[in-house]
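Asker: One structure, pasted below without further comment.
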Amino acid sequence: MEELIAVLDFGGQYSHLITRRIRECEVYSGLLPYSTPPDELLRLNAKGIILSGGPASVYDHNAPKCDPRIFELGLPVLGICYGLQLMVDILGGHVKSTRRSEYGKTSLRILDHSDLFRAVPSNIVTWMSHGDYAESLPTGFEIIGNSANCSTASIRNSSSRFYGVQFHPEVAHTDQGTQIIRNFVTEICKCSPSWTAKSIIDTAVEQIRSSVGEERVLAAVSGGVDSTTTAVLVQRALKDKLTCVFVNHGLLRKNEENVVLQSLKGLELNVHYVDASEQFLQKLKGIKDSELKRKVIGEEFIKVFDEEGRKLGAFQWLAQGTLYPDVIESAGTGSVASKIKTHHNVGGIPQWSKFKIIEPLRLLYKDEVRKVAAELGIPDILVKSHPFPGPGLAVRIIGEVTQDKVRICKESSFIVEETLKRHRLYESVWQAFAVVGDDLAVGVLGDQRKLGHLVTVRVVQSVDGMTADWARIPESVLEEMSSQITGEVAGVTWVGYAITSKPPSTIEPC
């Protein structure tokens, strides 16, 4: 079984980043509910535990607290921010509100370099975000780092291998943050760097064979890197027991159905094409709520797969390209997680469906999937394509999905992507598209005053889709997009550019 660094999630905004940084060290890590029992951690082969940050104070009446017995497992524990305070509180120290909170970049003075801070300079800039601090430490703990306003910014009990940092090493703003995490994971927990694309593939293939046995699998493919990688993994595991179904729900990018079919044909997958565009658009008629749109699309997908499965033969399993961010954003990691949005392939599967679900990528982030896809020999045109949501343009259309808004969204998004490609910017950004809603703005077209739609261009930079920043595209390129959209897409009078990062926004508007 793969070695695990268990990250217990106390609701911190950076919790998922901890798992990302650990995986960058080629060690497997998973985000688990803070209430995960000690026996479960041992069953999962945990070699170390990290307590995440969180918005609560340990002295709050309903503050989330882990089982104290995790400190009796003999495993190394690292507490980050709230995690440090919780460890101090449980083990007999005292936490109180600080007179001077620390938020943002803060200088840290390191007093000991023997383990957690090995190969780290004596003074580094860290990212702090706390209003409480450890006033007194439990027996056996010592201070190994401090800041101007927090004397207990880094603590250690070397005999028990318990560590705490008041700052966030997982955040890019912290100097040497990855090195600090690497020291904990490889030097203190003694994990070996075995979480590689090849090991992920080998493990996935073995698990697919073990789960499915002699039964047959229907794979939902869209041409995106997630579903394609899923299909290739299942094919490698099961050979001719796999049949792929590509459903055109009428909400694809411009000409995408032709591009997808051609790409999948090159991978020698057995692909069955279904044009269900009218069916989906009819189901979405009159629906404005974004969550409901996602659920309707998810359920309709299952209906189509169920119907096609009966036509093609007996299929017991449905393979999906669900990723870890999908699970996290659909509140699949614990009781303190907030549901950001229901992903169609996580929350949209109806109870009546008889399919058993197999999701070989469920524990992977997007960048990890790209590495796996490259290892599997999937062409660059798929590996490097921008992420595209399963519900398609429906989540880029604010309000009701209509034929006219689909046309505007499709044509405008095509112009956005093609403009970036012309300027060799496409592969340097994470995602780029256009959004259209119900707002109308006055324009002047052909010397006449005319009311038309407002289109918003969205281009973001990201690593894993969990956080994102708006891309600083040259003004001349944005001007080119705007001019072409208003000139070529009928019914558009205004074009804007979205400059809100995630958080507080999401990447997709719906």
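Values in this text are rule-based calculations from the coordinates and carry no lab data. Worth saying up front: this structure is predicted, and the values here are computed from it rather than measured. Note: ideal-geometry Cβ built from the backbone for every residue, glycine included; neighbour counts use all protein chains shown.
Asker: Output the 0 to 90 degree angle, nearest 10, between the alpha-carbon long axis of helix 197-212 and the longest principal axis computed from the alpha carbons of the chain.
Answerer: 70
Asker: Would you list Val444, Val460 from fewest to most Cβ contacts within 10 Å?
Answerer: Values: Val444 9, Val460 22.
Fewest to most other Cβ atoms nearby, the residues stand as Val444, Val460.
Asker: What is the Cα radius of gyration of the chain over 2.2 N^0.38 Å, N being its residue count?
Answerer: Working: Rg = 24.9 Å, N = 510, 2.2 N^0.38 = 23.5 Å.
That works out to 1.06 for the chain.
Asker: A further question follows. Using just the helices of the chain, give the 222 nm mean residue ellipticity in deg cm²/dmol: DSSP H runs with n ≥ 4 each add -39,500 (n - 2.57), and the total is spread over all residues, rounded to 500.
Answerer: Numbers: 14 runs with 156 residues, N = 510.
Value at 222 nm, helices only, nearest 500: -9500 deg cm²/dmol.
Asker: Dipole magnitude of the chain about its Cα centre, charges +1 at Lys/Arg Cβ and -1 at Asp/Glu Cβ only, in debye to the nearest 20? The partial results should precede the final answer.
Answerer: On the way: 56 positive and 61 negative charges, 21 e Å.
I would put it at about 100 debye.
Asker: Here's something else I'd like to know. Residue-wise, which Karplus ³J(HN,Hα) couplings in Hz belong to the range 267-273, taking 6.51 cos²θ - 1.76 cosθ + 1.60, θ = phi - 60°, and x for glycine or proline?
Answerer: Calculated HN-Hα couplings, in order: 8, 6, 8, 7, 10, 10, 9 Hz.
Asker: Still on this structure, I have one more. Just subtract the alpha-carbon distance of Gln403 and Asp275 from 0.36 nm times their residue separation and send over the number in nm, one decimal.
Answerer: Working: separation 128, 0.36 × 128 = 46.08 nm, distance 1.59 nm.
Here the segment from Gln403 to Asp275 would lengthen by 44.5 nm.
Asker: Taking Rh as the Kirkwood radius computed over C-alpha pairs, what is the Stokes-Einstein D of the range 402-497 at 25 °C in a medium of viscosity 0.890 mPa s, expressed in µm² per second?
Answerer: Details: Rh = 13.8 Å.
Once the numbers are plugged in, D ends up at 178 µm²/s.
Asker: List the pairs from Lys254/Lys288; Lys295/Lys366; Lys47/Lys366; Lys190/Lys356 whose alpha-carbon separation is above 29 Å, in the order I gave them.
Answerer: Values: Lys254/Lys288 23 Å; Lys295/Lys366 23 Å; Lys47/Lys366 25 Å; Lys190/Lys356 37 Å.
Result: Lys190/Lys356 exceed 29 Å.
Asker: Using only alpha carbon pairs under 8 Å that are at least six residues apart, calculate the relative contact order of the chain and give it in whole percent.
Answerer: On the way: 1048 pairs, mean separation 53.6, N = 510.
So the answer I get is 11 percent.
Asker: Another question, if that's okay. Which value, in Å³ per residue, describes the convex hull spanned by the Cα atoms of the range 351-428? The partial results should precede the final answer.
Answerer: Details: hull volume 12.6 nm³, N = 78.
So the per-residue hull volume is 162 Å³.
Asker: Under 12 Å Cα to Cα from Lys384, which aspartates and glutamates show up? Leave out anything in the same chain fewer than 8 places away.
Answerer: Asp226, Asp367, Glu427
Asker: Additional query: For the range 402-497, calculate the relative contact order in percent as a whole number, restricting contacts to Cα pairs under 8 Å that are 6 or more residues apart.
Answerer: Details: 154 pairs, mean separation 29.6, N = 96.
Relative contact order, the range 402-497: 31 percent.
Asker: For the range 231-308 and the range 395-473, what is the separation of their C-alpha centers, rounded to whole Å?
Answerer: The distance from the Cα centre of the range 231-308 to that of the range 395-473 comes to 23 Å.
Asker: Something else now. Could you list which residues have their amide H under 5 Å from that of Phe162, counting only those 5 or more apart in sequence or on another chain, with H placed in the peptide plane?
Answerer: Val77, Asn157
Asker: Starting from 0.36 nm per residue, how many nanometres of slack lie between His423 and Thr500 once their C-alpha separation is accounted for? All intermediate terms of the calculation are to be shown ahead of the outcome.
Answerer: Values: separation 77, 0.36 × 77 = 27.72 nm, distance 2.31 nm.
Full extension of this stretch gives 25.4 nm more.
Asker: Moving to a separate point now. Under the rule a/c < 1.5 gives rounded, and otherwise a/b versus b/c splits prolate from oblate, where does the range 4-188 land using the Cα gyration tensor?
Answerer: Values: a/c = 1.38, a/b = 1.12, b/c = 1.23.
Cα axes put the range 4-188 in the rounded bin.
Asker: Starting at the first residue of the range 301-315, write each ³J(HN,Hα) from the Karplus equation 6.51 cos²θ - 1.76 cosθ + 1.60 with θ = phi - 60°, in whole Hz, x for Gly and Pro.
Answerer: 4, 4, 4, 5, 4, 4, 5, 5, x, 5, 5, 8, x, 8, 10
Asker: Order of 71-82, 226-237 by packing, highest average Cβ count within 10 Å first?
Answerer: Sorting 71-82, 226-237 by mean packing, highest first, produces 226-237, 71-82.
Asker: Would the range 197-383 count as rounded, prolate or oblate if I go by the C-alpha gyration tensor, calling it rounded below 1.5 in a/c and otherwise prolate when a/b exceeds b/c, oblate otherwise? Write down the numbers at each step before the final one.
Answerer: Details: a/c = 1.38, a/b = 1.17, b/c = 1.18.
Rounded shape, in that the Cα axes give a/c under 1.5.
Asker: Further, regarding this structure: Could you give each residue of the range 287-300 its phi-based ³J(HN,Hα) in whole Hz, using Karplus coefficients 6.51, -1.76, 1.60 with θ = phi - 60°, and x for Gly or Pro?
Answerer: Result, ordered by residue: 8, 10, 5, 5, 5, 5, 4, 4, 5, 4, 5, x, 5, 5 Hz.
Asker: Starting with the highest mean, order 128-141, 303-316, 163-176 by the number of other Cβ atoms within 10 Å, averaged over the residues of each peptide.
Answerer: Listed from highest to lowest mean packing, they are 163-176, 128-141, 303-316.
Asker: Where does helix 256-266 land angle-wise versus the long Cα axis of the chain, in degrees 0 to 90, nearest 10?
Answerer: Roughly 70 degrees, rounded to the nearest 10.
Asker: Distance in nm between label sites at Gln448 and Asp60, each 7 Å beyond Cα in the beta-carbon direction?
Answerer: Result for the modelled spin labels: 5.8 nm.
Asker: Quick one: if the Förster radius is 35 Å, what FRET efficiency do Lys354 and Ala197 give, using the C-beta to C-beta distance and rounding to 0.05?
Answerer: Values: r = 34 Å, r/R0 = 0.96.
After rounding to 0.05, the efficiency reads 0.55.
Asker: If you don't mind, another one. Counting other C-beta atoms within 10 Å, which of Arg118, Arg449 has the fewest, and how do the rest follow?
Answerer: Details: Arg118 14, Arg449 9.
By the 10 Å Cβ count, ascending, the order reads Arg449, Arg118.
Asker: Report the gain in length on full extension from Ala374 to Leu440: 0.36 nm times residue separation, minus Cα-Cα distance, nm rounded to one decimal.
Answerer: On the way: separation 66, 0.36 × 66 = 23.76 nm, distance 4.37 nm.
Extending this stretch completely gives an extra 19.4 nm.
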